[in-house]
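The structure under discussion appears below in the form of structure tokens.
Computed from the coordinates by the stated procedures, all read-outs in this text should not be read as laboratory data. Treat the numbers as computed from the prediction; the structure is a model and nothing was measured. Neighbour counts run over all protein chains shown; Cβ positions are idealised from the backbone, glycine included.
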Amino acid sequence: MQPFADAIQYLNDALFIALAVVALRQWRARRDEASSWVAATFGILAAVVMFALFLPETGDALWLVWTRKVLIAFLLLFPYTLYRFAGSFQRPGRAMALFATAATGAIIVASFVLPAFPEPGGPRPLWLAVYVYLILVQWSVLSTYVSVQLWRAGAGQPTLARRRMRILAAAAAALDVALLLQAIFPTNGEATPLLIVVRLLSTMSVVLFFGAFAPPALIRVAWRRPEEQALQQAQLGLMAATRVEDVVSTLLPHGVRVVGATSGALIDTHGHVIGSHGVSADWAAAHAPDPHAMRLPLRQGQLVLWTGPHSPYFGREELDLLTRFGVVIDLAWERCDLLEHQRQTTARLEQAQQIAHLGAWEWDMLTGEVVWSDEMFRMLEMTPGDEIPSLDDYLERVHPEDRTRLLASMDASRQFGRPFDMDYRFRLADGSIRTIHGQGHVIAGADKAPRHMIGTAHDITERKMTEEVLSAAYEGERSARLAFERANAELESFVYSVSHDLKSPIISVLGYLDYLKLDFGKDFPPEAMHYIERIASSANYMEALIQDLLELSRVGRVQTERSDVDLNALAHEATEEATAGHPDASVTIEPLPVLSINPLRARQLFTNLIGNALVHSGKPDVHVRISAEISRDGGATVLVEDDGRGIPEAYLDRVFGVFERLDSSGDSAMGTGIGLAICRKVMDALGGSISADPVESGTRIRMRFPAEAVRAATSPAGATQP
């Protein structure tokens, strides 16, 4: 029996050393707190086993006594380091922490303070019994605490993690039972059945430790099968998902279950919570940055899982399993986004069709099947989902005058592949007539024969009615405009004819007055000469009036050739002529543009404007300023300003009318009241405009020339004319 007992002991020693090697390798790979305590636990135990193999079993040498004390002290650290391993997941209570530290420290101190331990088979003093009792209490309490904590924590964990945790709890309990049996029933090294049972319990304990910390691959696969089956079901559910909400409801419960998490959330790249499980969306958004949460990066966001404290150590492989599942999650999420985009696009299209009263249809020319969009039903005052009328029934409700044209267009499209596009009238169920704009084209099959015809029907009844109203209004406006143009042309022709006919008698009157003064002037009394002068003055005024009327009728009626006119030079010439009778007046001419304009009309503009400024200013020393500016659109604005008495605001537009004069004295020398009317007509014929600006003092006349009339922005700089 002794060889068998020794063989078991050697096996146990080898297993503990191998377990220490595995624990050290895991610590080097993970470098976390839990793996550090596992490495310390089994590293200490392996060190004690290896040293014990080389120590003599008997002897009272001082070094041997103290070596045994050191080994015993290290061995007593085993339950404490195992307790610290369990405490790395969940902090123990204050009382438990105080007991673990105090009991372990006291026993280690006692191990060095107590006398030398008696030889096997020797007498057992009382202090040794007390010492062994304290060891049993410390070891049992700590081992039991570890077993209970790990067993409870396994609830709710994935199968693999749960079994590893509970096997670890069983291993600690088995080792504790072996120690209790050894202490309660000492064998003194004899190969008794009890010793074999104790050593077999140790063997079972170390095997269980292996199953907890490093289970074989086949066992891991078998234990993980329920989670893999759950993920396969989730994968099938994801492939059938059509909305992101379906992805969330399918993925999160399985994802939480696989890694033993308490809750989870699916979060997009912008940090928005798409869905959550086990917690509210607000809580998930607030705790998403938690560095202790497990994260599965995805192309469109991430899967965040809030796990218990044991999952990072025992559930690492489950997270790897979920990571491999991430490709399916990405595909399902992207497909749902595409489907959602398609649904939104379809909804927007249907809404646009409803707003535009635009229906769509498709006709299978082989089977005769017709498909309508919802708006097609609504447009024809039918309910979506009603039975679609056949093509013959539909054509029966087309207006008889349009039916033949519609059939001909559809036949031509079917035979020659040409699209058709036409308006036709359609009779609704209540007898009302709607105007439909129909479009369609043929889709050929693989044999290039016509297979389908698709098209649209647009209700344009309101547009047609509006077009008819606008057409009638346009015809009325056109007729009125033509009548106005005819009347205006007749009026201009009448003015020209009358002015021309009146000019000859006036010239005759003036001529006879000159003869009368030459032949009989010496014989007339002064009163008679005064009357003759008054008659001559009135006749001259009438001649000027007739000449202005003739000129006004010519503007816009007689086609005039344009040429490039330097407004600078023209303004100087007009100024010299106008200031000849006004020696005290002055005119400043700033750089002016070159325009494409009839030279005669340009001279009329400046002669009238400068003359008006000098004559109607109300003071002899009036100053006139002529300037120009180029606008952004390329046009030119010419300003003629003076510091005279100005124009009252109520007359700013009236002064451009025919015979409008602010001076009511009737003096013919003050003009005929047609000059500004001629200026406006010249500017209208040129495509420009003329107006008087409201200013605080003086007068400002603004002429706007279109861009096509401007040839150069400025000509040589002007000068002041005295």
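Put a dot 7 Å past the Cα of T262, heading toward its Cβ, do the same for Q300, and the two dots end up 3.0 nm apart.
Fewest Cβ neighbours within 10 Å first, please rank H292, H272, H458 accordingly.
On the way: H292 9, H272 12, H458 18.
Going from least to most buried by this count: H292, H272, H458.
Full extension of the segment from T367 to E340, taken as 0.36 nm per residue of separation minus the current Cα-Cα distance, would add 6.5 nm. Of the residues D402, D423, the one with the fewest other Cβ atoms within 10 Å heads the list, and the complete ranking is D423, D402. Apply 1/(1 + (r/R0)^6) to the Cβ-Cβ distance of T323 and R711, taking R0 = 56 Å, and write down the FRET efficiency to the nearest 0.05. Efficiency, rounded to the nearest 0.05: 0.15. Sorting Y424, Y10 from the fewest to the most surrounding beta carbons within 10 angstrom yields Y10, Y424. Highest mean packing comes first when the peptides 561-567, 206-212 are listed by Cβ atoms within 10 Å, giving 206-212, 561-567. Modelled this way, with points 7 Å down the Cα-to-C-beta line, the labels at A483 and V148 are 11.2 nm from one another. Computed from label points 7 Å out along Cα-Cβ, the spacing between V695 and E381 is 6.8 nm. Take 460-470, 677-687 and order them by the average number of nearby Cβ atoms within 10 Å per residue, most first; the result is 677-687, 460-470.
Working ranking of peptides 336-342, 518-524, 704-710 by packing, defined as the average number of other Cβ atoms within 10 Å per residue, highest first, is 704-710, 336-342, 518-524.
Note on D290 and M239: with the Förster distance fixed at 25 Å, the Cβ-Cβ geometry gives a FRET efficiency of about 0.20. Per-residue 3J(HN,Hα) values for the stretch 690-696, derived from phi via the Karplus relation 6.51 cos²θ - 1.76 cosθ + 1.60 with θ = phi - 60°, read 9, 7, 10, 7, x, 10, 5 Hz in sequence order (x marks Gly and Pro). FRET efficiency for the E573 to S631 pair, using the beta carbon distance and R₀ = 25 Å, is estimated at 0.40. If the Kirkwood radius is taken over C-alpha pairs of the stretch 554-634, then at 25 °C and 0.890 mPa s the Stokes-Einstein diffusion coefficient equals 178 µm²/s.
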